[in-house]
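Heads up: the structure comes next, in structure tokens.
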Amino acid sequence: MSIDWPAVHSEALDVLRQYLKIDTSNPPGNEAAAARYLGGLLAVEGIECEFIQTAPGREAIVGRLRGDGSRGGALMLANHLDTVPADPTGWTSPPFEAEVRAGRVYGRGAVDMKGTGVMHLFAVLLAKRHGLRLARDLIFLAAPDEELGSGWGIEWLIRERPDLFDGVAFTLNEGASGVPEFAGRSAHLFEVAISEKELAPLRIVATGVAGHGSKPARDSATVRLLDALNRLRRWQRGITYTPETRAYLDRLQAAGLLDDLSDRAGVEAAISASPDTVAAFTNTLNVTVLRAGSQSNVIPGRAEALVDCRLLPGQSRDAWVAEVAAVIGDPLVQVSLEYPSSAPVVVSPWDTEVSRVITQVLTETFEDAVVLPSSSIVGTDNRFIRPLGIPAYGFIPCLLSQEERDGFHAHDEFLTVENLNLGVEVMYEVVRRLCEVQSSVAR
Ligand SMILES: [Zn+2]
């Protein structure tokens, strides 16, 4: 039975708008209302559903379609219900009204990640409506608390409800998307994240002589800290060449998106065209918190900065601390990790039926599609799934423009209706080929 896509598109837009109107800003999250909304849409079509409370007002929704198991373990479509908060004063239209303007749906969560959640939801709904004979279980999981570390979300679920992950062969979540251009060349370049950058936030503390604000300070902690941060600001780092970034450059060249790789300046210029691409090729550093002093007439003896740093796979956190300290080069400025250890970054295998099916579907959709493995530049819930031994992929099946990608955690976040439609179609087709009982599908 063929699918009436125009009808599905308008239904999906409707569902996304209702979903965006449910404020799940985290903190506090209050994701139960969103879980009940999505779960209601599954339950009404006879799909098995479970609501799991992780904390008061906070719930996950798990929906499941059963397969005969002939193609192995389950496919889990995992997404998060919460969003970061939105300051309405910075928005053109209120962030929880889901206004549609000029082919775009505006709202907090449109790209991060309620839009993808709706693509997951429709893949399950369509599989049910069209009576797909499933060769493996298909699981929909929407979890709370991703934006504040997942302690009441996926981490809680893995600890308290490990049964949910038993028999799961693969998961899809956020972490990478397609883009419609690369360094000014039009393209259909899709990244699928198989790992992610490692968080290495730094605490930088300057010490000086405390004193009276009336006299010129001889040795001020605040000035010392500002000098240190200015050295970091002027630090030219360029591309970090690692086995992964070299392989990535080779793939971009093979796809015709980069020319001569020996022309390092040319490569740097191409990479610099997008902050997302820069982040994919460098260890990043952003000063996010500054703390010093308590009142204007007292020179503080201590000043501190917190710096968001994210390292490429395979980079050492300790070596990074030493490198930053060397750039600052001031014995009265101490550099340390904000928190000492984090779980090791696990890389999922690329050569699996998931990447083969995704590549096949995308190259049938766009004849010049390029599909590449990547490391997500942000942290996602996949970092909790991969250590379970479950290959977990970051895959938003949309061609997100730079403007759309800049909407993550920012004002005027939006997803185009065109991307929503593309995502709903591609996600369903990927799910169908991964789950359907059929001998002719690609393995
Ligand atoms: Zn997200």
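The values are calculated or read from the model by the stated rules, or taken from the named source; none is laboratory data. Because the structure is predicted, anything quoted here is derived from the model rather than measured. Every residue, glycine as well, gets a Cβ built from its backbone with ideal geometry; the counts of neighbours run over all protein chains shown. Quick note on the areas: whole protein, heavy atoms, side chains included, nothing else; ligands and nucleic acids left out. Shrake-Rupley method; radii C 1.70, N 1.55, O 1.52, S 1.80 Å.
Figures for the structure shown
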item: Computed helical MRE - 222 nm, the chain, DSSP H runs ≥ 4 contributing -39500 (n - 2.57), nearest 500; result: -10000 deg cm²/dmol
item: Cubic angstrom per residue, convex hull over Cα atoms of segment 236-275; result: 75
item: Packing-based order for 344-351, 54-61, 306-313, using average beta carbon neighbours within 10 Å, highest first; result: 54-61, 306-313, 344-351
item: Principal axes of segment 1-150: Cα extent on each, largest first, Å; result: 53, 38, 23
item: Unit charges on C-beta of K, R, D, E only; dipole of segment 384-443, Debye; result: 560
item: Average Cα contact separation per residue, segment 198-337, under 8 Å, 6 or more apart, as relative contact order %; result: 44
item: Derived scalar couplings ³J(HN,Hα) [segment 235-252; Karplus, 6.51 cos²θ - 1.76 cosθ + 1.60; whole Hz; x for Gly, Pro]; result: 5, 8, 9, x, 5, 8, 8, 10, x, 6, 6, 5, 5, 5, 4, 4, 5, 5
item: Under the Karplus curve 6.51 cos²θ - 1.76 cosθ + 1.60, θ = phi - 60°, whole-Hz ³J(HN,Hα) for segment 220-232, x wherever Gly or Pro sits; result: 8, 5, 5, 5, 4, 5, 4, 4, 4, 5, 5, 5, 5
item: Fluctuation leader among ASN297, ASN26, ASN173 - the chain, Gaussian network, Cα springs under 10 angstrom; result: ASN297
item: Net charge contributed by nearby residues that have their C-beta within less than 9 Å of GLU304 (K/R +1, D/E -1); result: +3
item: Considering only the chain, percent of DSSP beta bridges that pair antiparallel, nearest 5; result: 65
item: Solution diffusion estimate, µm²/s, Stokes-Einstein, segment 198-337, Kirkwood Rh from C-alpha pairs, 25 °C, viscosity 0.890 mPa s; result: 144
item: Surface accessible to a 1.4 Å probe, per residue, for the residues of the chain, Å²; result: 42
item: Ordering of 201-211, 363-373 by packing [mean C-beta count within 10 Å, highest first]; result: 201-211, 363-373
item: Alpha-carbon radius of gyration plus Dmax, which is the widest Cα pair, for segment 125-197 in Å; result: 16.8, 48
item: Label zone at HIS411 (point 7 Å along Cα-to-Cβ), backbone N below 11 Å, segment 62-101; result: 87-93
item: Convex hull of Cα atoms in the chain, direction-averaged projection (nm²); result: 23.2
item: Choice from VAL223, VAL84, VAL298 with maximal GNM fluctuation in the chain (Cα, 10 Å cutoff); result: VAL298
item: Helix 115-129 vs. the chain, principal-axis angle (Cα, 0 to 90°, nearest 10); result: 10
item: Of all accessible heavy-atom area on segment 198-337, the percent that carbon and sulfur account for (1.4 Å); result: 51
item: Intensity falloff of segment 159-279 expressed as log10 I(q)/I(0), Debye formula with alpha-carbon point scatterers, at q = 0.10, 0.17, 0.22 Å⁻¹; result: -0.59, -0.98, -1.34
item: Principal-axis tilt of helix 353-365 within the chain, Cα atoms, nearest 10 degrees; result: 80
item: For segment 352-443, alpha-carbon Rg relative to the globular expectation (2.2 N^0.38 Å, N residues); result: 1.21
item: Most fluctuating residue given options SER336, SER214, SER93, as computed from a GNM of the chain linking Cα atoms under 10 Å; result: SER214
